[in-house]
Amino acid sequence: MSADVRDILDIDRANTPEITRDSFLATKKRNFERTKHASRRPEGMHREVFALLYTDKKDAPPLLPTDTALGIGAGYKQNKARLGMKKVRKWEWAPFSNPARNDAAVFHHWKRITDDSTDYPFAKFNKQLEIPSYTMTEYNAHLRNNIQNWSKVQTDHLFDLARRFDLRFIVMADRWNRQQHGIKTVEELKERYYEVISLLSKSKNQNQNQSSEKKTFVYDAEHERRRKEQLEKLFKRTIQQVEEEQMLINEMKKIEARKKERERKTQDLQKLISQADQQNEHAASTPSTRKYEKKLHKKKVHHQPRPSKVDSVVNAIEIGSSGIKFADLRGSGVSLRSQKMKLPANIGQRKVKALEQAIQEFKVDPGPPPTEDICTSFNELRSDMVLLCELRTALSTCIYEMESLKHQYEAACPGKTLNIPPSLVPIKSETLDNNAI
């Protein structure tokens, strides 16, 4: 309790001892002993990490085991090498031999005296191939080759090089003795070697009466020569030839892309035709279909006096297969007549864009007054415009294929020209534009 509160409550103060020199030194000594026995932070450990491990308030020990109790410098600081504590082991300059060598060469290296004298440790990496050998009898019986002019001396020299250089045929061809045995290429060396190996294997299997023959490698020297010739031609190409090849590759990619686009359009057209057939089957008995057929009949009668090539194209495609089926607003409730001119939601974006371009091309008002007659006529006009766009696409496809077939015929039969009948002459786009609508 503070002194002021004691004065207010009229309570006697406790007698405090007088601070002297001896009492001050005793207090300081106790504090020094308390800090002396405190745990020290190991060298190399960060202060924050040590604060998490231990505090002066004797908190609970950490959950994870630590090695701070082992002393300073244990665990968190790498111990320095303590030299002079033990005797140095003696080394000696000892000789050794490599068992992979056949010349009895002796080498020297440093080794400890206490180590046992073992074989050279790197001799195990000296893996050698097993090159078969043959006798004079086997050569005369199976290995004679008069077609390629291989003598026994040349064959012996070939197998000697194979043993020396471990079937490295490039090195063998370089070390081939051309003065005594003539010039031999790498392909000829390989062909002769694998031929001898195959003949020796067959003869041994026959002598041992083995039913299952071991498969041997068959080397095709002619194929290897052609492959190297092709690589040499490919390497010696000029810059102009490389650019021409890249241009041809790009053209081939464009042709394949156009082919895929035509196939996709053909599939879309087939889907439209099948959908139209299904719609015609379901709606054959409705009065609206009868009115539409009467209008189509009137149009056909109207165009009979002046038949054109467009009529044959239109007859080839079913009428109404590519048109637009607008919504029939006969349900309950109030509706605006302008909703009849709204395009259905099942029309793709490509048809919508083509229809907008056709409306701009023929300068038609995209939003006319929605009277009943105008709504009906405007819907029929847009349906015919969609049909016109698809006819144009089909026409351009036919023209492209006709020209392609013509060029193929002229290339296959030089000097001859393909005479196209007048009925197959492509229709001009102006004629199609004037007669389609």
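The values are calculated or read from the model by the stated rules, or taken from the named source; none is laboratory data. Nothing here was measured: the structure is a model prediction, and the numbers come from that model. Cβ atoms come from the backbone with ideal geometry, glycine included; neighbour counts cover every protein chain shown. These accessible areas exclude ligands, DNA and RNA; they are computed on the full protein's heavy atoms, side chains included. Shrake-Rupley method; radii C 1.70, N 1.55, O 1.52, S 1.80 Å.
Worth pointing out:
- Hits in region 130-145 - residues which are assigned to a loop (DSSP other than H, G, I, E, B) and at pLDDT below 85: ARG144
- Sole exception among (1) in the same structural domain as THR216 (by the TED database); (2) surrounded by 12 or more Cβ atoms within 10 Å (Cβ to Cβ) for TYR134, by number: (1)
- Test for LEU336: is it modelled with pLDDT under 80, touching a Lys or Arg at 6+ places or on another chain (Cβ under 9 Å) and open to solvent by 40 Å² or more (accessible area, probe 1.4 Å): no
- Filtering region 102-146 to residues that are over 28 Å from ALA162 (Cα atoms) and of a type in the set (A, V, I, L, M) leaves only ILE113.
- TRP150 vs. criteria surrounded by 12 or more Cβ atoms within 10 Å (Cβ to Cβ), over 24 Å from SER203 (Cβ atoms) and assigned by the TED database to the domain that holds VAL196: no
- Top-ranked residue in region 214-248 [being polar (S, T, N, Q) and part of a helix (DSSP H, G or I); ranked as surrounded by the fewest Cβ atoms within 10 Å (Cβ to Cβ)]: GLN240
- Failed item, numbered, when ALA105 is tested on (1) loosely packed, with under 10 Cβ neighbours inside 10 Å; (2) at pLDDT below 85: (2)
- All conditions in (1) in the same structural domain as PHE96 (by the TED database); (2) touching a helix residue (DSSP H, G or I) at 6+ places or on another chain (Cβ under 9 Å) hold for ASP119, with the sole exception of (2).
- Close contacts from region 85-112, counting a first residue that is part of a loop (DSSP other than H, G, I, E, B) and a second that is hydroxyl-bearing (Ser, Thr, Tyr), with Cβ to Cβ under 8 Å and a gap of 6+ residues or different chains, come to ARG89/THR114; ASN98/TYR120; PRO99/TYR120; ALA100/TYR120; ALA104/SER97; ALA105/SER97.
- Qualifying residue in region 269-277 (condition: within 33 Å of the chain's Cα centre (by Cα) and either part of a helix (DSSP H, G or I) or modelled with pLDDT of 90 or more (or both)): no
- Flag if GLU401 is open to solvent by 60 Å² or more (accessible area, probe 1.4 Å) and closer than 21 Å to LEU269 by Cβ: yes
- With respect to the conditions (1) free of Cβ contacts under 8 Å to residues at least 12 places away in the same chain; (2) part of a helix (DSSP H, G or I); (3) not aromatic (Phe, Trp, Tyr), ARG262 lacks only one, and its number is (1).
- Boolean, LYS124 is open to solvent by 80 Å² or more (accessible area, probe 1.4 Å) and outside any loop (DSSP other than H, G, I, E, B): yes
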